[in-house]
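J.: Submitted below is the structure of interest, expressed as structure tokens.
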Amino acid sequence: MEPADSPSPATQALQREPIYRLKADFFKLLGHPARVRILELLQDGERTVGDLQQELGLDSGGTSQHLGAMRRQGILESRRQGTSVFYRVRDPRISQLLVIARQILSSQLAETQEMLGSLVDEPPARP
């Protein structure tokens, strides 16, 4: 019999997995545009599956697959109220991650625009 304070088998498996693999799996899960959009839509609070489906323009099966994958990974939580299922982001740091990603991408875009602008401003080379 295991002591009450020993980790569960799932926790033990996670502890054996190198952190870089866990991070890669986490980012792989976020590697789909629909999943990123779902997280953006949930930044302001929980939404029903129907609301998310309408915003995403996906069928119910596609929306449910994305929501289920993120719920299984522990990124989202759900609750049922009558016939509706509501989803919310489990950890508010996910929103911070999306903001940081936007900042990184904006910075890269600004650098690229600056580089392209300097190319346009250069005088033509003389033969």
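J.: If you check G57 against the conditions, is it free of Cβ contacts under 8 Å to residues at least 12 places away in the same chain, over 25 Å from F27 (Cα atoms) and not aromatic (F, W, Y)?
T.: No: the conditions fail for G57.
J.: If you don't mind, another one. Could you give me the residue pairs with C-beta distances under 6 Å whose first residue belongs to the range 19-44 and is in contact (Cβ under 8 Å) with a residue 60 or more places away in the chain, whose second residue is loosely packed, with under 13 Cβ neighbours inside 10 Å and assigned to a helix (DSSP H, G or I) wherever it lies, and which are 6+ apart or on separate chains?
T.: Within 6 Å, no pair qualifies.
J.: Mind checking whether some residue in the range 83-95 is over 17 Å from F26 (Cα atoms), within 19 Å of the chain's Cα centre (by Cα) and without any contact (Cβ under 8 Å) to a residue 24 or more places away in the chain?
T.: No, the range 83-95 contains no residue that is over 17 Å from F26 (Cα atoms), within 19 Å of the chain's Cα centre (by Cα) and without any contact (Cβ under 8 Å) to a residue 24 or more places away in the chain.
Taken together, the values in this text are just the output of simple stated rules run on the coordinates, not laboratory data. From a predicted model like this one, the values you see are computed outputs, not experimental measurements. Backbone-built Cβ (ideal geometry, glycine too); neighbour counts: all protein chains shown.
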